[in-house]
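Enquirer: Have a look at this one.
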Amino acid sequence: MPISLSELEAHRERLKLQLSGLGDLRPGSLAERFRKCGKPNCHCAQPGQAGHGPSWSLTHDVKGKTATRIIPEALVPQTREQIAEYHRLRDLTRGLVEVSEKICEARIQSRKTEDDSKKNVARRATGSRRRR
């Protein structure tokens, strides 16, 4: 059963309300990194050692280039929440576009139905005449 225009519009308003409730957000991926310093006598140079770290890097695309920002370990949980909010934003906007498209299609169908019914009335009125 197709969803009514009013139900679609209500769904769109719920999505808009959810969008207005978004918190801080940021795109990117958070990665834990261990690095070797290069000093031959350091513990990180020993076989099987992971290296210095962890340090946390946030990477994301900026105008076609990868931007990296080091995130202090104390801010990793907050950064994860901000990334999750960004993903939520993407999901909500995708849903908003989908429901808006359905609303547009429903309005086109509604308009076609109205136009067709007007044409049928006009045809019946003129179709009652007989040609000689």
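Enquirer: Ranked from the most accessible area to the least, with a 1.4 Å probe and all protein chains present, what is the order of I108, I103, I3?
Expert: Largest accessible area first, the list is I3, I108, I103.
Enquirer: For the range 43-100, just the Cα atoms, rotate onto the principal axes and tell me the three extents in Å, largest first.
Expert: 59, 26, 19
Enquirer: Of all the Cα-Cα pairs you can form in the range 4-50, what percent are over 11 Å apart? Provide the component values of the computation, followed by the final result.
Expert: Details: 843 of 1081 pairs.
Of the Cα pairs, 78 percent sit more than 11 Å apart.
Enquirer: Starting from the Cα of K112, draw a straight line to each of the lysines and keep only those under 26 Å, dropping any in the same chain fewer than 8 residues away.
Expert: Cα-Cα hits under 26 Å: K102.
Enquirer: Another question, then. Please work out how much length the chain gains when fully extended from L75 to S6, using 0.36 nm per residue of separation minus the C-alpha to C-alpha distance, in nm with one decimal.
Expert: Full extension of this stretch gives 20.5 nm more.
Enquirer: Also, I was wondering about something else. Of T113, T79, which has the most accessible area and how do the rest follow, probe 1.4 Å?
Expert: Descending accessible area places them as T113, T79.
Enquirer: Along the range 57-67, what does the Karplus equation 6.51 cos²θ - 1.76 cosθ + 1.60 (θ = phi - 60°) give for ³J(HN,Hα), rounded to whole Hz, x for Gly and Pro?
Expert: 10, 9, 10, 7, 7, 10, 6, x, 10, 7, 9
Enquirer: Could you state the accessible area per residue of the range 1-124 in Å², with a 1.4 Å probe and every protein chain left in place?
Expert: Dividing the accessible area of the range 1-124 by its residue count gives 76 Å².
Enquirer: Can you tell me the alpha carbon radius of gyration of the range 1-106 divided by the globular rule-of-thumb value 2.2 N^0.38 Å?
Expert: That works out to 1.68 for the range 1-106.
The values are calculated or read from the model by the stated rules, or taken from the named source; none is laboratory data. Everything quoted here is computed from the prediction, not taken from an experiment. Just the protein is used for accessible areas: all its heavy atoms, side chains included, with ligands, DNA and RNA removed. Shrake-Rupley method; radii C 1.70, N 1.55, O 1.52, S 1.80 Å.
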